[in-house]
Each structure stands twice: as structure tokens, then as C-alpha cells.
Amino acid sequence: MGDMERYAPERVKRVVLLIGLFSSYSQGILRGINSWIKIAGNWQCAGVHTPPAIALAATAILTRQRPDGIIAAITDEAVAKALRRMRVPVVDICDWFPAYRFPRLQPDDVAVGRLAAAHLLECRLRSFGFAGDFRASWCRRRFEGFAAALGEAGFSCHRFDGAAHPTSEWMAASWFASSPELITWIAKLPKPIGLMGANDQWGIHLSASTNGIHVPEDAAIIGVDNDTLLCELARPPLSSVATDTERIGYEAAALLDRMMKGRSAPTETTLIPNRGVVMRQSTSMLAVNDKNVAEAVRFIRDSDGKGVSVAHVLARIPESRRTLERRFRKLLNRGIQEEIRRVRLERAMVLLRDTDLPLKALGPRIGFSSADRLGRAFRQFSGQTPRAYRMQFRATKIG
């Protein structure tokens with residue numbers, strides 16, 4: 001065998017991406033796929049970024065020009081059937097049709113619901129509701145996690161199934177649409193209440209359907225996926241559980257590459273950890289019968305704790321430190337300084353997950369004088385070092 005043959009480069013793989021371009025969720029997955037290709041993939045990608053009916057026509061074409069592999073968001077059963085007939089490696093980044101048994105990657109949706117519940121419980125709410133389209137398995141799992149976490153805390157959960165209402169299809173096409181049925185449902189719920197939308201679009205539907213009910217004072221609302229543009233366009237801006245779409249895309253590409261090399265695929269769905277809650281004004285409230293404590297907590301949380309001291313809080317609230325401290329401890333089981341510290345450390349979690357800031361730069365940004373002080377406080381708060389916490393949100397290395 002000659003040197004040229006022995007060291008010939010690996011053949012370029014032809015990979016088709018059946019993934020829409022119209023949501024930040026899909027765009028995050030595409031960014032993750034691209035990150036993997038830059039590191040290790042000798043791929044030529046073709047994309048079909050279209051509704052299911054056109055994607056189905058595309059699969060008919062692809063059967064005549066067979067690709068080496070496909071990554072697909074399979075939301076149409078006809079597409080699932082067509083992809084199964086093609087007999088090429090397919091990785092599914094949805095979970096609408098588990099019976100077809102494609103290797104799948106998705107967010108840990110039960111954990112999504114639990115994160116949302118924990119956040120709303122932190123607001124000291126006692127009434128809760130969930131809205132979504134229960135035809136989708138991911139919606140059902142998010143509700144399952146949400147309701148289970150609330151049940152463990154001693155609370156029940158109202159639910160609104162959009163699939164049962166005629167306006168749900170129109171709502172799906174219009175991000176900021178309200179619904180007469182949703183307006184009626186929210187109006188009848190006990191207030192104040194914590195509401196979870198199955199995703200950010202549902203969170204915005206909830207916000208648009210409050211019909212004079214004040215957000216967050218009477219209804220604190222949280223969505224899922226942290227579509228930054230949608231969340232910040234909402235009024236008030238929408239809190240959201242951030243799923244790790246880029247890691248889903250990265251891991252999907254790595255899995256497809258292994259499958260195209262003839263390696264076996266996992267039989268179980270691969271669950272990707274979530275990135276936590278991004279708090280915005282829609283949940284910036286505290287449901288307690290003490291307006292001064294509630295205002296103090298809102299002030300601390302709106303500032304992310306940065307640059308805020310106990311003196312700043314006392315300058316804003318017309319009470320003595322002793323009285324306010326006593327009320328904090330009675331209602332929150334922690335003092336004013338502890339609440340400031342907790343908010344700072346939650347902000348540290350966001351920055352560790354979402355940025356590459358070194359610890360020495362991160363500390364001053366959130367009010368810690370040194371990386372050592374931040375490291376000790378973070379470990380006491382989370383049980384992990386900042387580095388260990390950051391690494392669990394990084395895509396795995398190619399091996």
C-alpha cells in the first residue's frame with residue numbers, strides 16, 4: 001500500500017439536517033452541531049429548514065441521493081416513517097414518536113419542571129398552575145416534574161391543556177396571542193399564583209392572557225428554553241428555565257459520527273442537563289403579607305445582589321435594621337445579608353454556565369472581593385467548586 005493511499009484523508013460525510021431555523025431552540029442546536037464540526041467533523045451539511053410537509057418531500061428526494069447520516073427534529077409521523085425506510089443513521093432531537101426508536105437527545109424535561117417549581121416556591125407562593133399542549137410528550141414530562149416537586153412541598157397544581165381548546169393552533173402561530181379560554185382559566189385561579197408555561201411561547205401566552213391581573217404581583221410567570229429575544233420582548237420580561245440546546249446539538253453530532261463509523265447507538269434517550277433558571281421581572285416578587293420585606297427582596301433580586309449592601313436596603317425601606325432583620329428571618333429563615341449573598345451566588349451560577357469569565361474576573365462582577373472568597377462561598381452554597389460546576393455544562397470531549 002503506497003503512502004498516498006495509506007494517508008488518504010477520510011471521505012467527506014454528507015449529512016442532512018432536518019431542523020427548523022425559526023426558533024432560538026433550533027438555532028442553538030445548529031450552533032452546537034457547528035461547534036462539533038469545527039473540532040472533529042469532516043462533514044458536508046445540507047439543510048431542510050422547512051415545515052414537516054416539505055421535509056417529507058425532501059426525504060423522498062434523499063432516498064434517491066442517500067446521505068451518510070441525518071440529524072432531525074421529527075415532529076411529523078410521516079417523516080418518521082420515511083426516515084425509518086431510508087436505513088441510514090438518524091439521530092432524533094425530539095421525542096414525539098418514541099415507537100420508532102431512533103437514538104434521541106433531549107433536555108431533561110422532568111428536571112425542567114422541577115427547576116421551575118423550585119423557583120416559584122422560592123417566591124413563597126402557595127397556588128400554582130401549568131399551561132401547555134399536552135399532546136407533546138416533552139410538555140407532559142415538564143408538567144410531571146413541576147407537579148411532583150410541588151406535591152413534595154405540599155401543594156397541588158391546576159393545569160390548562162391547550163390541545164383541548166380551539167384557539168391553541170392560532171396561539172401557536174402568534175407568540176403574543178391571548179386566548180379567551182386562557183383568560184377565563186387564569187381569572188378563576190386563586191391569587192397570588194405561580195404559573196409555568198410549557199415553553200417560552202406558552203409563558204408569553206399566559207402573560208398576554210392575564211387581562212388586568214398584575215404580573216408579577218398577582219401572577220408570577222415562568223417559561224422554558226430562555227429564548228432571549230422573546231423573553232425580553234415580553235411585558236414584563238419573562239423568567240425562563242434555560243435548556244442547553246447547544247450541548248444537545250454538539251452531542252447529537254458526536255453521536256451521529258459514531259453511528260456513521262459503525263458503532264452502536266444507545267437504546268435509551270440521552271438527557272442533557274439544563275442550565276438553570278434565568279430570572280427576569282415576571283417572577284421578581286415575594287408572596288408574603290409584609291410589603292417592606294417583599295420590596296426589599298425585589299430590590300436585591302433586581303440588582304442581582306451586585307453593588308447592594310444592607311445599608312442600601314435600609315436606605316430604601318423605612319424600618320430599623322433590627323425590625324427588618326427580624327421580619328426577614330420570620331418569613332425567609334435568613335437575614336438581609338444572607339439574601340444578598342444568595343442572590344450573588346445564583347448570579348455566579350449563571351455566569352459560570354454561560355460565560356468563560358475566569359474566577360478572578362467573575363468575583364468582582366458580583367460583589368466578591370477575591371476569587372478565593374467567591375470559591376469558598378460558592379462551595380458552601382452549592383457543594384461544588386466553581387470549576388466543577390462549570391465543567392458539567394461543557395460539551396464532552398471527542399474521544
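The values are calculated or read from the model by the stated rules, or taken from the named source; none is laboratory data. The structure presented is a predicted model; accordingly, all values stated were derived computationally and were not measured. As a convention, Cβ positions derive from the backbone with ideal geometry for all residues, glycine included, and neighbour counts pool all protein chains shown. When the accessible area is computed, the model is the full protein with side chains, heavy atoms only, and any ligands, DNA or RNA have been set aside. Shrake-Rupley method; radii C 1.70, N 1.55, O 1.52, S 1.80 Å.
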**Request:** Name the most mobile residue of Ile336, Ile61, Ile204, meaning the one with the largest mean-square fluctuation, in a Gaussian network model of the chain with Cα contacts below 10 Å.
**Result:** Ile61
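Taking 0.36 nm per residue of separation and subtracting the Cα-Cα distance, what length does fully extending Leu314 through Ser382 add?
Working: separation 68, 0.36 × 68 = 24.48 nm, distance 2.83 nm.
Separation in residues times 0.36 nm, less the Cα-Cα distance, equals 21.7 nm.
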**Message:** I'd like to compare 351-361, 109-119: which one has the highest average count of other Cβ atoms within 10 Å, and what's the full order after that?
**Reply:** 109-119, 351-361
**Message:** Could you compute how much accessible surface Glu338 exposes when probed at 1.4 Å, giving the result in Å² to the nearest 10?
**Reply:** 80
**Request:** Before anything else, pin down the relative contact order of region 181-241: Cα pairs under 8 Å, at least 6 apart, normalised by residue count, whole percent.
**Result:** 35
**Request:** Mind checking the full-extension length gain between Ala99 and Ala57? Use 0.36 nm per residue of separation minus the Cα-Cα distance, one decimal, nm.
**Result:** 12.9 nm
**Item:** In degrees, nearest ten, helix 371-382 long axis to first principal axis of the chain (Cα)
**Value:** 90
**Prompt:** Using Cα atoms only, what is the angle between the long axis of helix 77-86 and the major principal axis of the chain, expressed in degrees (0 to 90) to the nearest 10?
**Reply:** 40
**Request:** Could you pull out every one of the aspartates and glutamates with an alpha carbon less than 13 Å from that of Lys188, ignoring same-chain neighbours closer than 8 positions?
**Result:** Asp218
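Under a 1.4 angstrom probe, counting protein chains only, how are Arg326, Arg301, Arg235, Arg321 ranked by accessible area, largest first?
Arg235, Arg326, Arg321, Arg301
What part of the accessible area of region 168-307, given as a whole %, is carbon or sulfur when the probe is 1.4 angstrom?
50
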**Asked** Tell me, what is the per residue accessible area of region 11-125 in Å², probe radius 1.4 Å?
**Response** 45
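Helix-only estimate, please: 222 nm mean residue ellipticity of the chain, summing -39500 (n - 2.57) across DSSP H runs of length 4 or more and dividing by its residues, to the nearest 500.
Details: 18 runs with 193 residues, N = 399.
Theoretical 222 nm ellipticity from helices: -14500 deg cm²/dmol.
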**Message:** Need the list of lysines near Lys13 for cross-linking: C-alpha distance under 20 angstrom, and skip anything on the same chain fewer than eight residues off.
**Reply:** Lys38, Lys261
**Amide hydrogen neighbours beyond the local backbone of Val277, cut-off 5 Å, H modeled** = Ala242
**Prompt:** Comparing Gln201, Gln281, Gln337, which has the greatest mean-square fluctuation in the GNM of the chain with Cα pairs linked when under 10 Å apart?
**Reply:** Gln337
**Prompt:** Say each of Ser174 and Leu21 gets a label point 7 Å from the Cα, pointing the same way as Cα to Cβ; how far apart are those two points in nm?
**Reply:** 2.6
**Asked** Counting only heavy atoms of protein chains, what accessible area per residue, in Å², does region 186-310 have with a probe of 1.4 Å?
**Response** 37
**Message:** Given a 1.4 angstrom probe, I'd like the percentage of the accessible area of region 320-372 that is carbon and sulfur, rounded to a whole number.
**Reply:** 46
**Message:** How tilted is helix 137-152 with respect to the longest principal axis of the chain? Cα atoms for both, answer in degrees (0 to 90, nearest 10).
**Reply:** 30
**Request:** For region 56-97, with all protein chains present and a 1.4 Å probe, just round the carbon and sulfur fraction of the accessible area to a whole percent.
**Result:** 50
**Asked** Assuming R0 = 41 Å, what is the FRET efficiency of Arg135 and Lys261, from their Cβ-Cβ distance, to the nearest 0.05?
**Response** 0.70
